[in-house]
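Engineer: The structure that follows is given in the form of structure tokens.
The values are calculated or read from the model by the stated rules, or taken from the named source; none is laboratory data. Since this is a predicted model, take the numbers as computed values, not measurements. When we count neighbours, we look across all protein chains shown, and the Cβ atoms used for this are built from the backbone with ideal geometry, even at glycine. Please note that ligands, DNA and RNA were not included when accessible areas were found on the heavy atoms of the full protein model with its side chains. Shrake-Rupley method; radii C 1.70, N 1.55, O 1.52, S 1.80 Å.
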There are 2 protein chains.
Amino acid sequence: MYHGGYMGRILRLDLTNQTYKTEALPVEMARNFVGGTGFVLKLLFDEVPYGIDALGPSNKLIIAPGPLTGTESPCSSRMAYAAQSPLTGAVGMALSGGHFPAQMKFAGYDVLVIEGRAASPVYVWINDDQVSFRRAERLWGMNTLDCQVFIKEEVREQNARIACIGPAGERLARIACIINERRAAGRKGLGAVMGSKNLKAIAIHGTQQVPVADRQQFSDARSGLLKLFKDTPSVYGGLSKVGTSECIDVTCALGIFPAMNYSRTGEFEPADKVGSEAQFRDTIRRTACHNCPVACSQVRLARDGPYAGFLTEGPEFESSWAFSGATGVDYLPALYAADRLCDELGLDTMSTGMTIAFAMELYERGILTQEDTGGLDLRFGNHEAMIRLIQQIAYRQGFGSVLADGARQAAARIGRGSEKYVMHIKGLELPGYDVRGAKAHGLSYATTYVGADHNRGYAAQEIFGARIPVAVDRFAIGGKAELCKWNQDMKMALCDCPTFCAFLLTAGALLDPAPQGLSQADTEARIVTVTDMLASATGLPFTPAEIARVGERVNVLGRAFNAREGFNRKDDYLPDRLTNEPLKAGASKGQRTGRKDQDYMLDRYYELYGYDQNGIPTRKRLVDLGLDNAAKVLEHMGLLSP
Amino acid sequence: MYHGGYMGRILRLDLTNQTYKTEALPVEMARNFVGGTGFVLKLLFDEVPYGIDALGPSNKLIIAPGPLTGTESPCSSRMAYAAQSPLTGAVGMALSGGHFPAQMKFAGYDVLVIEGRAASPVYVWINDDQVSFRRAERLWGMNTLDCQVFIKEEVREQNARIACIGPAGERLARIACIINERRAAGRKGLGAVMGSKNLKAIAIHGTQQVPVADRQQFSDARSGLLKLFKDTPSVYGGLSKVGTSECIDVTCALGIFPAMNYSRTGEFEPADKVGSEAQFRDTIRRTACHNCPVACSQVRLARDGPYAGFLTEGPEFESSWAFSGATGVDYLPALYAADRLCDELGLDTMSTGMTIAFAMELYERGILTQEDTGGLDLRFGNHEAMIRLIQQIAYRQGFGSVLADGARQAAARIGRGSEKYVMHIKGLELPGYDVRGAKAHGLSYATTYVGADHNRGYAAQEIFGARIPVAVDRFAIGGKAELCKWNQDMKMALCDCPTFCAFLLTAGALLDPAPQGLSQADTEARIVTVTDMLASATGLPFTPAEIARVGERVNVLGRAFNAREGFNRKDDYLPDRLTNEPLKAGASKGQRTGRKDQDYMLDRYYELYGYDQNGIPTRKRLVDLGLDNAAKVLEHMGLLSP
């Protein structure tokens, strides 16, 4: 029995019949999966049948904040979404912050499960215990910002928080995202899942308090955490000041800022033009998620030139990169405009930027011509074409209709040998770290259950020189499987389940940034702090060892889902370019990650996780972790090694 | 002594010194000028010196709702702004609705007087008695919608209401407007006045009640008024349903929908493509000003094509016309996009549309070429060029820098005989009624103290066939001076001072729409209803005769202001095209308003108002109306006839 942290309820919404019901949150689910990503993956595996059409009514959209969300814990207003990804066919999991997660707890729910498909557009309005399905024909076609204004007025509750899709999601673009406030659950095409269900938006408002089991212990742990923030220069000195834009400077300096669809990394490093200093000059305010003292989010404004007036919250590093490095653009106002448009239209900035970058490479190589692009001059660096394409993608207009489902699908449509220029893993376009120069980071891209995602096992050791659990040489192969697993499990355990903001982990409040030189004991004390918060909030006796095991359990479950859908070792490799082409310039010059190196790391990684040589979890491992249902399903499918 | 309606206070804000003070509202000002336009013109005349630079620190921006604003009176959340107009040099008066006017009363003020010039950008935050000047460097460059979101967050008051300028006002475009919510104080360049003062925004919030002197009498009068609304089919049948878009159908049917800079009226009548039925199909909701049961404002959304996703509140008739008839565009989504962009950028839709229309005519005549326009193909009907120019105008970029100060200034820059194609009166671009086919309406354009404004003496008798005070032939000249004066004075008395929405007057709730056939006595009873509301709200013994006299007084004072600034009879004529070129097609074919007809009407109009033959008020008339200060000033300037 838990005594706090959780609201104790799952809200199940059936769009087909426009009915809903609440269910008790099982306490063993709380113990074994904690919340957030743990909850949504558990329900995704158990409830979504295998082999479905991700854009059909059998897919489910599942949303969960964690037990810390909505409490006084700083930086905990995060929530995980999951569905089968229409972009990859693998797990479609993405996280978002802002105020919606806390508001969902205040409304009394730990999990939303959205099922079926409405016959015509609807939105759902959840006001504490009152749930209604409202017609949304009139909202269909609205951008995400107008939509939020409109719904707040319609439900007459300015404090409601709204997660919604834009035109891209409505048109089932497989790179569409979900926007709440100005935050995105960006990747894996979850916006298209909402669109396929005729669900324009989820509006939520609540008035309840999130109970806390042991207020004194909780308050002490919280003070400890806030002190850690203060003691970590990169939190208030870096994140608060310039947000994640500093990563542009860092990746350029390391020679891993991927340039022009990964074809020119190290040769195009526009940190002076689009990096943190330049962006800081355009910053007009900082904003924060619910109850976050860091306020890393930056509002930036283009004041002059053709994009004057474009204001955007962010852009985060990855968005900045997607519309600069990836596409060869070094014009900051265009980057703001692209970010704002993606938010309005409901497009994932990363997949959008990389899909445009892919098209640009084809154009530069003569595989595409202006005849194909409807007259667009798709040379790298042409920001006007980039902006135009973003709009076309969202509406599936012109050449945008070829790109709206991501780079891999675009290649399938274009043919002509274009598929070799798709930079993806498991169908998900690569992020903004050229992992030829960061091997553990690359192994995480290759192995994580959602495809090439930078944030499921971020190797801060390689990017920022963090020394916990070990200091590493970023070019080395040895020990990287161990590091990758540690990063993946810790991220899951400390951030994605409780829930807690990833930036604090990577910025060094939980890990060790090099300049500080904390001991491993110091860091373990930090992990204990999070564990203490979880235990004191919920009244459940979580320990550091136990939550580390939760992290492992959820990661293994994600892989089991993918195994079910046909994924295995063949899907765990980097694109050919990263395997075969050494970087030609910059601080990582000469680096590539050859097939042998990848196999070496994969073998060790599988061994550590208890997967077989094909990358499938073994029965023993699944049962050990309490994932009996997964074992049963994989066995039934004949996937388990004896 | 008044006992209600008024809050009794003027708030004076000195931007130069960033100080403020409150003053008691003089009771004789309340008696003689009622409120709204009466107040702002009174203070404009008394406090702004003559011969100033309208964009210099000596100009003042004065804002006043009326005594009914913020009470339970329906349709009374209106406010008047005044300054010397930087577009015309004449009175710059414009009205706006929404929620700001009521909120200003709730904060405790009848008038805001904004003086001087801040050294760097500021906004003013008025929260009941607390007034602060806040730095706005960071807001400079924001569009009006983002700006409102930003300020609400910054002052932590979601119920604050904000009037602000966009990039156009910041750049002192003389066709810039002020936006509150999604409403505009559109015409006469008041946005540039705010810009010249380095004032980005005024944010206001209040918690007070507007007192009402005699609640029972007030409640009875209010019930009577609401019953009138119900009994008038055009209110809930027309305004509530399709807003003012119906005027497109009406003016096309009458052959007075001005086409292509007034060069093709009667030949281009796209009511089927952009009229009320087409717009109704795109309407996704209705919105209302504070405490208005009519909710005439329509939110419309472009769903497909190149402008998909553009959502706009409105467009009102005049905006619809400015971006269709005026520019020869018949593509509805472009019209929505233009309206939205003007709102965001802070541009007057009417002056913007007509200034673009002017440039288009020059282009069609070969006076401008693509060399002048920076490559823009400015043929009538080219909506892409229209949209591009709107953005360029707001930022003074490219050819937009030539147009940003309105058509007359553009002609001065272009030369080459272009001035004959400027359709303006007193520098204000013409509205969307070709008054060759509506003579009293035209006389009002010619004579009103703000230039060619359709709404200072709207001749509903000619447009809608209203029969009060008399039924008229719209092509006739006889009796039109009398009708024009009645319309101008009644509008001022019943709407612009108390304040009360003009649409209710023109839609027939106060005047008589033809289908109903009310008697004059019925209409007079309606006027009594408004008078009763004023009297019962304020405790001042207003009578119908007295408020009619207020209407006359304020109109004469407006003319006295203009006389002071050098305006006289020469400025009271229609453009040559309307004088000399008969309409070539449509239901007003053959109509023009020759010089002799204009002189005939002007002579009679001057006589009725007590102006001399040069259109200057006589001393006797000024003194009769209690405008002694005006008499003194004009005498001092040697302008008064003996």
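Engineer: How many angstrom lie between the Cα centre of the stretch B:175-250 and the Cα centre of the stretch B:318-353?
Structural biologist: For the stretch B:175-250 versus the stretch B:318-353, the Cα centre distance is 21 Å.
Engineer: If you don't mind, there's one more thing I want to ask. Of the heavy-atom accessible surface of the stretch B:9-205 (probe 1.4 angstrom), what whole percent is carbon and sulfur?
Structural biologist: Carbon with sulfur: 43 percent of the solvent-accessible area.
Engineer: Probe radius 1.4 Å, ligands and nucleic acids ignored: give me the carbon and sulfur share of the accessible area of the stretch A:241-347 as a rounded percent.
Structural biologist: Carbon plus sulfur share of accessible area: 49 percent.
Engineer: So which residue of A has the beta-carbon closest to the axis that swings A onto B, and how many whole Å away?
Structural biologist: A:Gln158, 2
Engineer: Specify the inter-centroid distance of the stretch A:566-591 and the stretch B:438-495, based on alpha-carbon positions, in whole Å.
Structural biologist: If you average the Cα positions of each part, the centres end up 77 Å apart.
Engineer: Continuing with the same structure: Whole number in Å², please: accessible area per residue of the stretch B:9-205, 1.4 Å probe, ligands, DNA and RNA not counted.
Structural biologist: Per-residue value: 25 Å².
Engineer: Can you list the HN-Hα couplings for the stretch B:598-605, worked out from phi with the Karplus curve (6.51, -1.76, 1.60; θ = phi - 60°), rounded to whole Hz and with x for Gly and Pro?
Structural biologist: After applying 6.51 cos²θ - 1.76 cosθ + 1.60, I find 5, 4, 4, 5, 5, 4, 5, 4 Hz.
Engineer: At 7 angstrom along the Cα-to-beta-carbon line, where would the label on B:Ser58 sit relative to the other copies? Give the distances in nm, shortest first.
Structural biologist: Result for B:Ser58, in nm, nearest copy first: 8.1.
Engineer: Ok, one more. Work out from phi, with θ = phi - 60° and the Karplus expression 6.51 cos²θ - 1.76 cosθ + 1.60, the ³J(HN,Hα) of each residue of the stretch B:460-468, listed in order in whole Hz, and give x for Gly and Pro.
Structural biologist: Once rounded to whole Hz, the list reads 4, 4, 8, 8, 10, x, 4, 10, 10.
Engineer: Which of the lysines could a cross-linker bridge to B:Lys227, judged by Cα under 19 Å and excluding same-chain residues fewer than eight apart?
Structural biologist: Excluding near neighbours in sequence, the set is B:Lys241.
Engineer: Give me the extension gain from A:Gln370 to A:Asp628: residue separation times 0.36 nm, minus the current Cα-Cα distance, reported in nm with one decimal.
Structural biologist: 87.4 nm
Engineer: Further question: Straight-line reach from A:Lys584: which lysines have a Cα under 25 Å away, not including same-chain ones fewer than 8 places off?
Structural biologist: Result set, ordered by chain and number: A:Lys273, A:Lys420, A:Lys439, A:Lys480, A:Lys596.
Engineer: What lysines could a cross-link reach from A:Lys60, if we take a straight Cα to Cα line under 25 Å and drop same-chain neighbours fewer than 8 places away?
Structural biologist: The qualifying lysines are A:Lys21, A:Lys42, A:Lys105, A:Lys188, A:Lys197, A:Lys200, A:Lys426, A:Lys491, A:Lys632.
Engineer: Now for a separate question. Using only helices, what value at 222 nm comes out for the protein assembly as shown when you add -39,500 (n - 2.57) per DSSP H run of length 4 or more and divide by the total residues, to the nearest 500 deg cm²/dmol?
Structural biologist: Mean residue ellipticity at 222 nm (helix-derived): -11500 deg cm²/dmol.
Engineer: To the nearest 100 Å², how much accessible surface do chains A and B cover up together, summed over both, with a 1.4 Å probe?
Structural biologist: Summing both sides, the interface buries roughly 2200 Å².
Engineer: Please give the FRET efficiency for A:Ala253 paired with A:Glu482, using the beta carbon to beta carbon distance and R0 = 25 Å, rounded to the nearest 0.05.
Structural biologist: E(calc), rounded to 0.05, equals 0.40.
Engineer: Could you work out the relative contact order of the stretch A:369-517? I mean the mean sequence separation of Cα pairs under 8 Å and 6+ apart, divided by the number of residues, in percent.
Structural biologist: 14 percent
Engineer: For B:Glu635 and B:Asp14, what does the FRET efficiency come to when R0 = 25 Å and r is the distance between their Cβ atoms, rounded to the nearest 0.05?
Structural biologist: Approximately 0.25, to the nearest 0.05.
Engineer: Kindly give the distances from B:Glu23 to its copy-mates, label point to label point, with each label point 7 Å from Cα along Cα→Cβ, as nm values to one decimal ordered shortest first.
Structural biologist: Distances to the matching label points in the other copies: 7.1 nm.
Engineer: Calculated FRET efficiency, A:Glu524 and A:Gln217, Cβ-Cβ r, R0 30 Å, to nearest 0.05?
Structural biologist: It comes to 0.95.
Engineer: Rounded if a/c is under 1.5, else prolate if a/b is larger than b/c, else oblate: which is chain B, with a ≥ b ≥ c the root eigenvalues of its Cα gyration tensor?
Structural biologist: Rounded is the answer for chain B, as its axis ratio a/c remains below 1.5.
Engineer: Tell me, what ³J(HN,Hα) does each residue in the stretch B:395-409 have, in order and in whole Hz, if you take phi through Karplus 6.51 cos²θ - 1.76 cosθ + 1.60 with θ = phi - 60° and put x for Gly and Pro?
Structural biologist: 9, 6, 9, x, 5, x, 5, 6, 9, 5, 10, x, 5, 5, 5
Engineer: May I ask you to rank A:Trp486, A:Trp321 by accessible area, largest first, using a 1.4 Å probe over the protein chains only?
Structural biologist: A:Trp486, A:Trp321
Engineer: Ok, one more. Using a 7 Å offset from Cα along the direction of the beta-carbon, what are the separations from B:Arg365 to the same position in each other copy, nm, ascending?
Structural biologist: 5.6
Engineer: Something else about it: I need the peptides A:292-302, A:1-11, B:423-433, B:128-138 ranked by packing, meaning the mean over residues of other C-beta atoms within 10 angstrom, with the highest value on top.
Structural biologist: Output ranking for A:292-302, A:1-11, B:423-433, B:128-138: B:423-433, A:292-302, A:1-11, B:128-138.
Engineer: Taking H as built 1.01 Å from N, whose amide H comes closer than 5 Å to the amide H of A:Ala136, not counting residues under 5 places away?
Structural biologist: A:Val122, A:Tyr123
Engineer: Which of the residues in the stretch B:379-409 show a loss of at least 40 Å² in accessible area from their chain by itself to the complete set of protein chains, at a probe of 1.4 Å?
Structural biologist: So the qualifying set is B:Tyr395, B:Gln397.
Engineer: Could you do me a favour and compute the accessible area per residue for the stretch B:237-429, 1.4 Å probe, result in Å²?
Structural biologist: 30 Å²
Engineer: What full-extension length gain, to one decimal in nm, is calculated for B:Ala587 and B:Gln209 as 0.36 nm per residue of separation minus the Cα-Cα distance?
Structural biologist: Full-extension gain reported as 131.0 nm.
Engineer: Next question. Enter the Cα centre distance for the pair the stretch B:49-84 and the stretch B:136-163, rounded to the nearest angstrom.
Structural biologist: So the two Cα centres are separated by 21 Å.
Engineer: Can you list residues whose amide H is under 5 Å from B:Gln298's amide H, if they're 5+ apart or on another chain and H is modeled 1.01 Å from N?
Structural biologist: It is B:Thr287, B:Gly314, by chain and number.
Engineer: What does the structure give for A:136-149 when I average, per residue, the other chain Cβ atoms found within 10 Å of the residue Cβ?
Structural biologist: For peptide A:136-149, the averaged partner shielding equals 4.
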